[in-house]
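Below: the structure, in structure tokens.
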Amino acid sequence: MRIGIVGGGQLGRMLALAAAPLGLSVRVLGTDPDDPALLVARGSVGRYDDVAALRALAREVDVLTYEFENIPARALAAAIDGTGAVLHPPLVALEVGSDRLREKSTFEALGIPTAPFRDVPDAEALARAVAELGLPLVLKTRRLGYDGKGQKVLRAPADVPGAFEALLGVPCIVERFVPFRREVSLVAARSSAGEVVFHPLVENEHRGGILFRTRVLPEGPRTDEAERHVRALLDHFGHVGVLALEMFDTDAGLVANELAPRVHNSGHWSQDGCATSQFEQHLRAIAGLPLGRTFVRGAAAMVNCVGALPDLAALSALPDVHVHVYGKAPRPGRKVGHVNVIAPDEAALDARLAEVEALVRWA
């Protein structure tokens, strides 16, 4: 089977690498010849809003998928029309996942707890929302925000004037700030036959809005709650492929923050710590193969490398440590790789993580 991947970043790269053992042929559309995915798979270069470039890819493959949600849905829909290629996950998941207002409205419609929110098309709407919801609030652009970009926390009345303009005056939403104990996420996959499998619930730690570390949580009461929310989304979309849901763990239960209709940074640990990685799982789902098992091989965690790579020889010398390099030039704030750490138990994982994190320096 031929798989087309829209997106040439590290997620596309890891999908392409996972496709080879399954005997799947991959074609990639990236925006630069040096994109990480184009360094390991055949493909072409073009814009993600270029219908002709998207259509050329669709004509070469049986199934089209995407590695991130900031792709114009209209362009993608027009591109696949009449080509015979099937799109997984579906357009509705892409449309909702790329628009925070639609995302929050979907949570609300499905009964998934989320922070109270308001549509903010202009500065006047922001002023009304502040009066209705009170402070603190988080102002976010409706589209294109990631890794802490495109958002601003409003803690005091003095933070409100000019806040909308500071986010370039694009359509936004504002939501009530959620006090939380920890941030968690759940990665799951759904097949075209409706089969659903869940990877374990994980805890995420961010630094400067960028994911620093993900750690698999022991089975607990929040797992069932998270799985109910994710299953509702998968079934609502008629989703085929992987989907991730980021949530806040609060005293009152889980509160949904954002969804990603694709493979997700918080699932990278599964490459080495799980019976089936999220990348293989996504490919199995979209290619019509049975979904894989998701048991964890001991205790597992992931640490991101941001800005520049650490000493790879020193990292590789540590037992049960697996380094994944993306082939991206170093740049402040840029994810250039990650390190998966596997251990027989939680205490051993703590010790190994301390060694890894002493070597990983963010820039």
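Only the coordinates and a few stated rules stand behind these numbers; no lab work does. Predicted model, so just to flag it, every value in this text is computed and none were measured. A quick note on method: Cβ atoms are made from the backbone with ideal geometry, for glycine too, and the neighbour counts reach across all protein chains shown.
Structure notes:
- Gyration tensor verdict on the range 165-204 (Cα atoms; rounded if a/c is under 1.5, prolate if a/b is larger than b/c, oblate otherwise): oblate
- Sites Asp350 and Asp49, calculated FRET efficiency, Cβ-Cβ separation with R0 51 Å, nearest 0.05: 0.65
- One decimal place: the segment Leu91-Ser316 gains 76.9 nm when fully extended, by the rule 0.36 nm per residue minus the C-alpha distance.
- Working ranking of peptides 275-286, 38-49 by packing, defined as the average number of other Cβ atoms within 10 Å per residue, highest first, is 275-286, 38-49.
- Stretchable slack from Asp119 to Arg231, in nm (0.36 nm times residue separation minus alpha-carbon distance): 37.7 nm
- Ranked by how many other beta carbons lie within 10 Å on average, peptides 74-81, 238-245 from highest: 238-245, 74-81
- Each stretch of four or more DSSP H residues adds -39500 (n - 2.57); spread over every residue of the chain, this sum gives -8500 deg cm²/dmol at 222 nm.
- Here the residues Ile173, Ile342, ranked from fewest to most Cβ neighbours within 10 Å of their Cβ, fall in the order Ile342, Ile173.
- When the square roots of the Cα gyration tensor eigenvalues are ordered a ≥ b ≥ c, the ratio a/c for the range 116-176 is under 1.5, which makes its shape rounded.
- Tensor-based shape of the chain (alpha-carbon gyration tensor, a/c under 1.5 rounded, otherwise prolate or oblate): rounded
- Packing-based ranking of 307-320, 195-208 yields 195-208, 307-320, ordered from highest to lowest mean Cβ neighbour count within 10 Å.
- Charge sum, other residues only, whose C-beta stays under 9 Å from Ala285's C-beta, Lys/Arg counted +1 and Asp/Glu -1: +1
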